[in-house]
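Data first, discussion second: the structure below is written as C-alpha cells.
The values are calculated or read from the model by the stated rules, or taken from the named source; none is laboratory data. It should be emphasised that the depicted structure is a prediction, and the values quoted were computed from it without experimental measurement. Ideal geometry is used to build each Cβ from the backbone, glycine not excepted, and the neighbour counts take in all protein chains shown. Protein only, heavy atoms only, side chains kept; ligands, DNA and RNA dropped before computing areas. Shrake-Rupley method; radii C 1.70, N 1.55, O 1.52, S 1.80 Å.
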Amino acid sequence: MNIGIVCYPTFGGSGVVATELGLELSKRGHEIHFITYRQPVRLELISNNVHYHEVNVPEYPLFHYQPYELALSSKLVDMVKLHKIEILHVHYAIPHAYAAYMAKKMLLEEHIHVPIVTTLHGTDITLVGSHPFYKSAVTFSINKSDAVTAVSKSLKEDTLRLFDIKNKINVVPNFIDLDKYNHQFKDCQRGMMANEDEKIITHISNLRPVKRVQDVISVFYNIQKEIPAKLMFIGEGPEKENVEQRCMELGIIDKVIFFGRSNEIDKILCFSDLFLLPSLTESFGLAALEAMASGVPVISSNTGGIPEVNIHGFSGFLSNVGDVDDMTKNVLHILRDENRLKKFKKNARTQSLKFDIHAIVPQYEAIYEDTLTKCLVL
Ligand code: GMT
C-alpha cells in the first residue's frame, strides 16, 4: 500500500508512535510518506520506501497565526496526486483530521478518493480537543474519518463521553519494538550514572503540567531520605525550570541528572531500576511501556489508560493521582528487597510483550485494507 502519515514531528508520544508505525510498515513492504512540518525525530531516512515531505507555511505580515491546516491540506492534495497515495493515516486529531478531511474533499472534486484513518492519542481528546474552542471541529473531523482508532479502551470511553461520536472507534494499543529494548543491552555502563549502592529512578516526559513532575520530585525526595538513590530526568518542557528550582530548594540537585531531549531512551532506561509516571491524565503512557520493555518496573498514577499498560502488583504499582505518600511506599517496597526488585523487573518485561510491534501493526494494516475495500464499494 501507498500510505501517507501525518503526525507531529516532535518528541511527543503520538509522533513517536506514528514514526515507528511508518517504519515498521515500510519493512512490511508498504510505501510510506510522512507529511509534516519537520522531519520526525525518530525518523532516519535510510530506506527507499520511506519518504518525508515538508509542509511549509510562509510568513505573511497579515497573518497573526500562520494557517498551518491550509498549508497541510494543500500539501496532502499535492502529495496524494504526485505519489498516488492510497490512504491517509493522521495521528492526533487537531488539526490533522480536519486538514485531511479538507484534502479529501478537494481530491474528490478531481474524482480521486482517499480514505482517512484518524488515530486519537490523548490530549487531542482529553485536554485540548474537548475545549469549547475546538470541540465542534474535532467532533466533525472524527465523524468524517473513514476509520477511527484510539490507543486505549480508556481513551475510546473518554471520546464517547466527551463528544457526540457517530463513528465506530477501534482500540489499537500502542506498541513497542522489543528488540530495541533488550535488557541485555551490552553498553549499559550503570557505573557512570550512580554508585553501586545507589538505586536509579527515571522519569521521561515533555515536562508539561499534565505530567505532574513536581510529584516526581516529591517522591524522589522521600526516597533518597530512606535509601541511596539518583533521579534521571529525561525531556524538556515548560516545567523544567520549576523542577530545577525545587531540586535546588530541597537540596537534592546533586542527586538529579537532567538529560534534556534524548534519542537514546533505550540506553538510559538500561541504567534504571524504577520508572515514575505520576500523570494527571494519560491515555496510554508510551514512556511507561518503553520502561517496561527495558525491564524497568513502573510506579504510576492510576489515571486514564495507564492501568491497561501497568499492572498493579505485577509490573509495578498504581496510586491515585497526587498520592505521593502511596507512591513513595510502593517505590520503597520494591527497592528495599533485591529479590522483589528482580521479580518486578522480570514481570515488567513480560507485561511489555503484550504490546509487541509485530502483533499490533497488522491490526493497522487490517484497518487500512478494510477501509479501502469499503471505499471501493461506495
Ligand atoms: O503527553 C505526551 O507525552 C504527548 C502526547 C502526544 O500525543 O504526543 O501523548 C499522548 O499520546 C501518547 C501516544 O499515544 C500516549 O502514550 C500518551 O499517554 C498521551 N498523553 C496523554 O494522554 C497525556
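Regarding residue 290, is this residue in contact with a Gly (Cβ under 8 Å, 6 or more places away or on another chain), open to solvent by less than 40 Å² (accessible area, probe 1.4 Å) and among the charged types (D, E, K, R)?
Values: in contact with a Gly (Cβ under 8 Å, 6 or more places away or on another chain): no; open to solvent by less than 40 Å² (accessible area, probe 1.4 Å): yes; among the charged types (D, E, K, R): yes.
Criteria not met by residue 290.
Output the residues belonging to region 160-170 that are surrounded by 15 or more Cβ atoms within 10 Å (Cβ to Cβ) and assigned to a helix (DSSP H, G or I).
162
Using the structure shown, decide if residue 21 is over 26 Å from residue 131 (Cα atoms), within 16 Å of the ligand (Cβ to nearest atom), in a helix (DSSP H, G or I) and in contact with a helix residue (DSSP H, G or I) (Cβ under 9 Å, 6 or more places away or on another chain).
Numbers: over 26 Å from residue 131 (Cα atoms): yes; within 16 Å of the ligand (Cβ to nearest atom): yes; in a helix (DSSP H, G or I): yes; in contact with a helix residue (DSSP H, G or I) (Cβ under 9 Å, 6 or more places away or on another chain): yes.
It is true that residue 21 is over 26 Å from residue 131 (Cα atoms), within 16 Å of the ligand (Cβ to nearest atom), in a helix (DSSP H, G or I) and in contact with a helix residue (DSSP H, G or I) (Cβ under 9 Å, 6 or more places away or on another chain).
Kindly provide the set of residues from region 86-100 that are open to solvent by 10 Å² or more (accessible area, probe 1.4 Å) and farther than 14 Å from residue 146 by Cβ, ordered by number. Outline the logic, then answer.
First, the residues of region 86-100 that are open to solvent by 10 Å² or more (accessible area, probe 1.4 Å): 86, 92, 94-95, 98.
Across region 86-100, the qualifying residues are 92, 94, 95, 98.
Can you name the residue in region 59-85 that is under 20 Å from residue 97 (Cβ atoms) and assigned to a loop (DSSP other than H, G, I, E, B) and is also least open to solvent (accessible area, probe 1.4 Å) among such residues?
For region 59-85, the residue satisfying everything is 85.
Residue-by-condition table, conditions (1) surrounded by fewer than 20 Cβ atoms within 10 Å (Cβ to Cβ); (2) farther than 15 Å from residue 96 by Cβ; (3) not polar (S, T, N, Q):
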{"residue": "3", "(1), (2), (3)": "no, no, yes"}
{"residue": "10", "(1), (2), (3)": "yes, no, no"}
{"residue": "19", "(1), (2), (3)": "no, no, no"}
{"residue": "45", "(1), (2), (3)": "yes, yes, yes"}
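In the list 226, 157, 196, which residue meets the criterion of being away from the ligand (no atom under 12 Å from the Cβ), open to solvent by 20 Å² or more (accessible area, probe 1.4 Å), free of Cβ contacts under 8 Å to residues at least 60 places away in the same chain and under 29 Å from residue 250 (Cβ atoms)?
When all the criteria are applied, what remains is 196.
Which residue, of 223, 201, is in a helix (DSSP H, G or I), in the same structural domain as residue 334 (by TED's automatic domain parsing) and modelled with pLDDT of 95 or more? Show your work before the answer.
On the way: 201 fails: in a helix (DSSP H, G or I).
The match here is 223.
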